[in-house]
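The values are calculated or read from the model by the stated rules, or taken from the named source; none is laboratory data. None of these values were measured; they are calculated from a predicted model. Reconstructed Cβ throughout: ideal geometry from the backbone, glycine too, with neighbour counts over all protein chains shown.
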Amino acid sequence: MFDSARDENATRPGIILRRCVALLVALLVVCPAVAQEAAQAKVSLRVGVNISAPFVMEKDGRYSGMAIELWQLLQRDSDTPSSYMVFPTFNALVDALEKGEIDVAVSNLSITHDRAMKIDFTQPWFDAGQRIMISQDSSTGWDVLNGLWRSGFVRVYFILSVLLLLGTWLLTVFDRRYAPDFPRKWTEGLSQSFLYIVLIISGNPQLERNHFGWVGRVLTGIWLIGGIAGVAFVTSSVTSVMTATALTNQINNLSDLAGKTVGVFAGSVSEEFARKSGLDHRPFSDIDSAIKALREKRIAALIGDAPVLEYYVHAHPQAALSMTGSIFAPDKYGFGLQHASPLTGQVTVELLNAKEQGELEALRIKYFGD
């Protein structure tokens, strides 16, 4: 009897030890799972954006725009909040998504073959394409002077000016000798002779000069004819250069961009298009700097997404900007996600539902009208 009691007392610590080990194992298995679920519930969805009105706009740390509103509409039934991260270019946005730095790209992101090799896209939600923006400012005086110089007219104007001054001097010399009432001071004499010659050129000789009789009248007539011809030549040459300058600077379609420097947006479809088309182009990081270059004539035109440029022209009527030509290189916008992301199917389903319910069309009308 004492032996059995000793055996029972000996095995009791072992039973307790085994129970403790089992409880510890259970805690190690359950606690991490609970902690992970709690952490996932608190982690926000990392949403990458590129500022491009009217699709993505930022003010005082708050984001708005058609793409942002559409994303919020698709996530209305989700408990996971979205945290936004801004990227300077679309290429930077795509690269960040490919590397897993963000979970989704929400912007007016064009669906292209090269991008589809790096990331997945949702169902397209907007039809777009490229278009040309130009400045409505007319040719500057410098443009006209440059055209006159290249055409050789400036040299002719110089010769005509020399003849005018020479005629003024000769008339002054003769009048000082043969006209007793002619001013003796050179400054007054030259000014009076210059005025008389200008009046003859303008076809309005108001001063009578009969110092040389019929010979003087013939010379005056010849000078009058030459003056009229000179004025006609100057007028026609300036007009022709202004017309040629306007035609040269006129841009109606893509073919007119040959030989001109155009602006594009860095890391965008417009930059890729200009590169493949062989256009002389200059990239800009944002639309404000591109518009500034266009107004200052550092670029002849700006190529970009048609809805973005059209929205800017509509929102800034005082900017003297206009759209020209039709849409080219058509494409579609979609939200970007990582390859094999579980969100792709969910977002696409919600997007199709938004289309069927007319919510997507309502957003388009809100930002672009009927």
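Filtered by the rule that a residue be buried (at least 19 other Cβ atoms within 10 Å of the Cβ) and hydroxyl-bearing (Ser, Thr, Tyr), the stretch 248-268 gives a lone residue, 268.
Condition first: buried (at least 16 other Cβ atoms within 10 Å of the Cβ), of a type outside the set (Gly, Ala, Ser) and within 30 Å of residue 250 (Cβ to Cβ). Can you find one or more residues in the stretch 115-123 that meet it? No; the residues of the stretch 115-123 include none that is buried (at least 16 other Cβ atoms within 10 Å of the Cβ), of a type outside the set (Gly, Ala, Ser) and within 30 Å of residue 250 (Cβ to Cβ).
Hey, does the stretch 143-163 have a residue that's touching a Ser or Thr at 6+ places or on another chain (Cβ under 7 Å) and at pLDDT 80 or above? No, that holds for no residue.
Against the list (1) within 28 Å of residue 322 (Cα to Cα); (2) at pLDDT 95 or above; (3) not basic (Lys, Arg), the condition residue 140 fails is (2).
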